[in-house]
Amino acid sequence: MSDVFSFHQGNMPVLISIPHLGTNIPNEIAEHMTDAALRVADTDWHLDRLYAFAQRAGASILGAKISRYVIDLNRPPTGESLYPGQTTTGLCPGETFRGEPVYRSGRAPEQAEVRHRLQMYWEPYHAKLRAELDAMCAKFGSVLLWEAHSIASILPRLFEGKLPDFNVGTNAGASCRPEILDAICGELESQPFTWVGNGRFKGGYITRAYGRPDDGINAVQLEMCQSTYMNESAPFEYRPELAERVQPVVERMVAAAVRANAQAGR
């Protein structure tokens with residue numbers, strides 16, 4: 001049993017990765033954090049529940065247990081920005097999405113502590129991710145890596161106005177075959193939610209680092225507005241009456257991507 005992630009083994013060439021699902025903060029780290037950080041507001045809440053359809057269909061599910069405030073599993077280990085010139089959060093974030101300090105004054109982690117967190121939390125998640133993708137490629141020839149994310153719909157520090165409900169990212173087309181993105185967008189044309197492809201969110205580190213279509217790994221990130229399925233303020237409750245409207249759309253998107261991945265692998 002890992003303290004870093006949970007994993008469900010599926011039987012089809014689909015891996016759902018949820019690197020910001022975790023809320024755990026070890027006590028020795030929590031004692032240095034602010035009350036704002038300990039609310040873990042920037043968690044990608046309830047996505048394991050929202051994507052339960054994928055597990056039932058046979059997908060593998062990899063979900064983080066550790067909070068992104070401890071270390072962000074979707075950032076490069078070297079810490080460079082994924083969106084140069086735009087406000088974002090780093091490997092061991094110092095501020096929340098709303099600009100609140102994560103650490104009490106003088107308590108931010110030193111480089112030795114960052115290296116320790118990389119070894120303890122970041123590396124095990126990525127080792128599992130890499131191992132499963134390699135095993136799937138060996139067994140099936142190609143695999144769909146679906147990066148599941150969600151975010152508050154209005155965050156002035158990060159973007160103007162309200163974010164589209166669905167933000168599909170493929171690293172500007174580099175992380176998956178174009179027919180897979182076309183299949184996803186085809187499902188989005190005839191549903192009530194707003195969407196954009198490769199807009200503000202083009203895919204984080206995992207999408208960019210692991211998406212290698214020529215090697216059989218097609219990676220897609222879906223950044224959803226949390227307003228489509230939950231309350232965006234504490235205590236961040238899941239809203240079944242909202243989720244039952246949006247979940248079938250996400251299911252059709254994933255299914256379309258799975259079919260297109262199978263066709264592309266032939």
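Readers should treat all values here as calculations from the given coordinates under stated rules, not as data from a laboratory. All values reported here derive from a predicted model rather than from experimental measurement. Heads up, the Cβs are rebuilt from the backbone with ideal geometry, glycines too, and the neighbour counts pull from every protein chain shown.
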Taking the Cα centroid of the range 142-202 and of the range 21-57, what is the distance between the two, rounded to the nearest whole Å?
22
Would you mind putting 217-223, 203-209 in packing order, based on average other-beta-carbon counts within 10 Å, highest first?
217-223, 203-209
Arrange 139, 65 by Cβ neighbour counts within 10 Å, fewest through most, would you?
139, 65
Give me 46, 149 sorted ascending by neighbouring Cβ count inside 10 Å, so fewest comes first.
46, 149
Of the residues 239, 56, 68, which exhibits the maximal mean-square fluctuation in a Gaussian network model of the chain defined by a 10 Å Cα contact cut-off?
56
Of all the Cα-Cα pairs you can form in the chain, what percent are over 25 Å apart?
41
What does the helix-only formula give at 222 nm for the chain: each DSSP H stretch with n ≥ 4 adding -39500 (n - 2.57), the total divided by the residues, and the result rounded to the nearest 500 deg cm²/dmol?
-9000 deg cm²/dmol
